[in-house]
Amino acid sequence: MGNGMARGIKQITLKSRVIIFSLWPGILGALSLLLLIGSTLAVLLRGSDALLLINELRNDSYIHRVAIFSIWQAVLSTVLSVGIAIPVARAFARQQDFIFRDLLLKLLGLPVVTPIIVAIFGIIAVYGQSGLVRATLEALGVSWNGNFYGLTGILVTHVFFNLPLAIRMLVPAWERIPSENWRLAGQLGMNTQQIFRWLEWPALTGSIPGVSAIIFLLCFSSFAVVLVLGGGPSATTIEVAIYQALRFQFDPAQAALLAMLQISICTIIVLILHRWIRVQPVYNIFSVSTNYRPDLISQGGRRFDLTLIYLTCSFVMLPLLAVIYYGLTGPILDVLLERTIWAATTRSIIIAIASTIIALLLSIALLTTSRELLVIHKNRGLSDLFYIIGSIVLVVSPIVVGTGLFLLLLPIGINFDAAMLVIILVNAALVLPYIIRTVGPALLDAGLRYDKLCRNLAINRWNRLRLVDWPIIRRPLSFALGLSASLSLGDLGVAALFNSAGAITLPVLVYYQLSAYRFDEAAVTALLLIFICAMLFVIIDKGLQKWHS
Amino acid sequence: MAFLTIDHLRFLYGSWQLSVDATLKENSCTAIIGPSGAGKSTLLSLIAGFETPKKGAIYIDGTNITSLPPGKRPVTMLFQDNNLFAHLSLFRNIGLGRDPGLRLSPSDHSSIRQAITEVGLTGLENRLPHAVSGGERQRTALARCLCQNRPVLLLDEPFNSLDPAARQEMLILVNQLRHDQHLTVLIVTHNPAEVAKIADSAIFMCNGNISECGDINELLENPKTPELEHYLRSPNA
């Protein structure tokens, strides 16, 4: 019995070793991330007294105002984005034979890859105080004396970014309605309202909470938009207040306190919304699977749908066209001959590529381990844990991580190299959830479908990645990496925090030019930024897609 | 006397063409058989109004229904899957057959209860579709068809996903309802021998045309065309 027991223990130990060895990439990736976030939290906790935090939360009216505004603007942005997205997504779903449908849906993907500061420039040019829309309205005799800066500007910009996102996330809901249900609706003589009530709304209720949760989180931790268009005492979010505490008041204790508040609120929100922030199955929004709809006969309905589609696309496209127009008509040569712009460009590209490579390695490590835990060891809890660790920036935002690292490095001095390293690491953590959420479902699908076959044929590790996984994840991965590179390149978050060390990036340069009212120069720099973002996206996306195993 | 007349019906799908001419008697049960891609389901879709013919007309009881939308046709159809709305109880799913807005009058309620009894679903009406068996789901869909009070019932391989015993049970139920409600039934099937127990006639379709039609037993026992002979010998039939 003793021998048997000893043999059993030996087998268990051996088995554990094999498991740990096979899971090491993910464990290493998770530990690196936890170290980054953990050191941030440690610094913040050291910098902010818990009692002081509670006391300030109770008594400080500034913190009250900032926290309430952060939540309020996020709620309004979410309601507006999702509320408008529902009829527009329905219009796209209904008008499947509309000749420009796929093109316009693709164009609605542009805001996602547009650097925030560039979009803000375009939005100010079109919808701002002396923008195109106001000039047109005044020419028509309609005057509006409201202030664009503040809540209005923040909402317009958040809707600009999130309305297309919501539309693209909601359109697949219609794809999930079985074609027989449409036929049934026709057979039962349902009118448009009844079709919406019995078919479309139930399909939408599966998607709306998830879409709303993601948009709410994005708006709640929105930094650049509020920094440029808000920022006054009445329109400041916690993220911007952290930046102001560090950059303008140089009050690390206040920054740490606000960062802890941001983490606490984000944690509560994620805990409340986590069941809706799931990895979505992959659907092709450009496919046409339903060729029968009983409510397409009315010409009035079609005109209404097309009007909605054109209005939405105009709202999104006008700022982007304005960037191109003002950029091309600006002082191109003067700006391009400046040395600072090329230094900033080189820095931005290095940051984008380095952070994308780090994010790629981390995501593959986390995802393959998560998959192995689910498919082979049938441990969903541990498998989900790796997903959650990869998405940790949803709770601890890049500005918060940047603040922690800023405070960590402060005693030893923040030089150029340290600033670059921090920007790269924080950007890698920033884009990680995008890669995980885009590639995860495909990688898991490959595992569920082919795991037994791979094990049967002894296709292991590298060969499996090369021959089985790569053909399946190539498309989503190349898209996610292209997107990540352009997001890192265009990010005005942590780069703005560390620019005093000389690490000025292209988005920071646009921000400085806008702040100094050098709009002509900002237009050219913005155009250069959008051009490099697009090039980087295309090179990575198309290049990787062509790279066959 | 012809009840359902399909008059020189033509339908194009790319280069593929369906061309059908047929008449069916009132209260009859006709099996539509044929290989995959022969046009069986397309024919049902044309009769139900989900597809628009290029030429020809469909008459039911002397009325041309070709230009009517599906909801206005005296026809009801049962599909292979997704006959029910997953988020509605069986009762509400059946109720949609009375009013698509579910504003049900007391007489609607009694019609629904009667249909539930007729298809043997008493006691299950408050359940959601996922909480009942495949056979019970198809019974629910059949009950809704009954509530619609439409004289033509089209069945597009509706019992394929059921086990043989449940399939048999459903066919017996359809036959009983046909007689009780005076329905004219068209059933697409890949199992002609099974349907022969309730069908009076059969239509064999091949490449978008009716290749043979007549008494079902006669057709199955003495196929006149090599296509039907080949089809009946195939493992699918």
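The values are calculated or read from the model by the stated rules, or taken from the named source; none is laboratory data. Note that this is a predicted model, so its numbers are computed, not measured. For neighbour counting, all protein chains shown are included, and Cβ atoms are generated from backbone atoms with ideal geometry for every residue, glycine included. Quick note on the areas: whole protein, heavy atoms, side chains included, nothing else; ligands and nucleic acids left out. Shrake-Rupley method; radii C 1.70, N 1.55, O 1.52, S 1.80 Å.
Just one of (1) without any contact (Cβ under 8 Å) to a residue 60 or more places away in the chain; (2) within 27 Å of the chain's Cα centre (by Cα); (3) open to solvent by less than 10 Å² (accessible area, probe 1.4 Å) trips up residue A:423, so point out which.
The number of the failed condition is (1).
What single numbered condition from (1) in contact with a helix residue (DSSP H, G or I) (Cβ under 9 Å, 6 or more places away or on another chain); (2) outside any helix (DSSP H, G or I); (3) free of Cβ contacts under 8 Å to residues at least 60 places away in the same chain fails to hold for residue B:103?
(1) is the only condition that residue B:103 fails.
Do we have residue A:473 as more than 30 Å from residue A:329 (Cβ to Cβ) and either at pLDDT below 80 or open to solvent by 20 Å² or more (accessible area, probe 1.4 Å) (or both) here? Spell out how you get there, then give the answer.
Details: more than 30 Å from residue A:329 (Cβ to Cβ): yes; either at pLDDT below 80 or open to solvent by 20 Å² or more (accessible area, probe 1.4 Å) (or both): no.
It is false that residue A:473 is more than 30 Å from residue A:329 (Cβ to Cβ) and either at pLDDT below 80 or open to solvent by 20 Å² or more (accessible area, probe 1.4 Å) (or both).
Against the conditions (1) open to solvent by less than 50 Å² (accessible area, probe 1.4 Å); (2) of a type in the set (S, T, N, Q); (3) over 17 Å from residue A:37 (Cα atoms), where does residue A:415 fall short? Just the number, please.
Every condition holds for residue A:415 apart from (1).
Condition check ((1) under 24 Å from the mean Cα position of the chain (by Cα); (2) modelled with pLDDT under 85; (3) farther than 17 Å from residue A:254 by Cα; (4) open to solvent by 70 Å² or more (accessible area, probe 1.4 Å)) across all residues:
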position: A:3; (1), (2), (3), (4): no, yes, yes, yes
position: A:8; (1), (2), (3), (4): no, yes, yes, no
position: A:12; (1), (2), (3), (4): no, yes, yes, yes
position: A:19; (1), (2), (3), (4): no, yes, yes, no
position: A:22; (1), (2), (3), (4): no, yes, yes, no
position: A:34; (1), (2), (3), (4): yes, no, yes, yes
position: A:56; (1), (2), (3), (4): no, yes, no, no
position: A:72; (1), (2), (3), (4): yes, no, yes, yes
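Among the listed residues A:140, A:155, which satisfies the condition of being open to solvent by less than 40 Å² (accessible area, probe 1.4 Å) and farther than 18 Å from residue B:86 by Cα? Give the steps one after another, and end with the answer.
Working: A:140 fails: open to solvent by less than 40 Å² (accessible area, probe 1.4 Å).
Just one listed residue meets the conditions, A:155.
Does the range B:111-134 include one or more residues that are within 10 Å of another protein chain (Cβ to nearest Cβ) and closer than 28 Å to residue B:199 by Cβ?
So in the range B:111-134, the residues within 10 Å of another protein chain (Cβ to nearest Cβ) come out as none.
No, the conditions are met nowhere in the range B:111-134.
Taking strands (runs of 3 or more DSSP E) that fall entirely within the range B:163-237, which contain at least 1 residues that are over 30 Å from residue B:12 (Cβ atoms)?
Values: elements: B:184-188, B:201-206, B:209-215.
Of the strands (runs of 3 or more DSSP E) lying wholly inside the range B:163-237, those with at least 1 residues that are over 30 Å from residue B:12 (Cβ atoms) span B:209-215.
Taking the criterion of being of a type outside the set (Phe, Trp, Tyr), surrounded by fewer than 18 Cβ atoms within 10 Å (Cβ to Cβ) and without any contact (Cβ under 8 Å) to a residue 60 or more places away in the chain, would at least one residue in the range A:341-351 satisfy it?
So far as the range A:341-351 goes, yes, one or more of its residues are of a type outside the set (Phe, Trp, Tyr), surrounded by fewer than 18 Cβ atoms within 10 Å (Cβ to Cβ) and without any contact (Cβ under 8 Å) to a residue 60 or more places away in the chain.
Considering only the range B:72-99, state which residues are free of Cβ contacts under 8 Å to residues at least 12 places away in the same chain and either open to solvent by less than 60 Å² (accessible area, probe 1.4 Å) or more than 11 Å from chain A (Cβ to nearest Cβ) (or both).
B:99
Check residue A:202 against each of (1) over 30 Å from residue A:228 (Cβ atoms); (2) open to solvent by less than 10 Å² (accessible area, probe 1.4 Å) and name the one condition it does not meet.
Answer for residue A:202: the failing condition is (2).
Just the residues that are out of contact with any strand residue (DSSP E or B) (no Cβ under 9 Å at 6 or more places or on another chain) and either more than 7 Å from every other protein chain (Cβ to nearest Cβ) or touching a residue at least 40 places away in the same chain (Cβ under 8 Å) (or both), please, taken from the range A:174-188.
A:174, A:175, A:176, A:177, A:179, A:182, A:185, A:186
Only one of (1) assigned to a loop (DSSP other than H, G, I, E, B); (2) surrounded by 17 or more Cβ atoms within 10 Å (Cβ to Cβ); (3) within 12 Å of another protein chain (Cβ to nearest Cβ) is not met by residue B:67, so which one is it?
(2)
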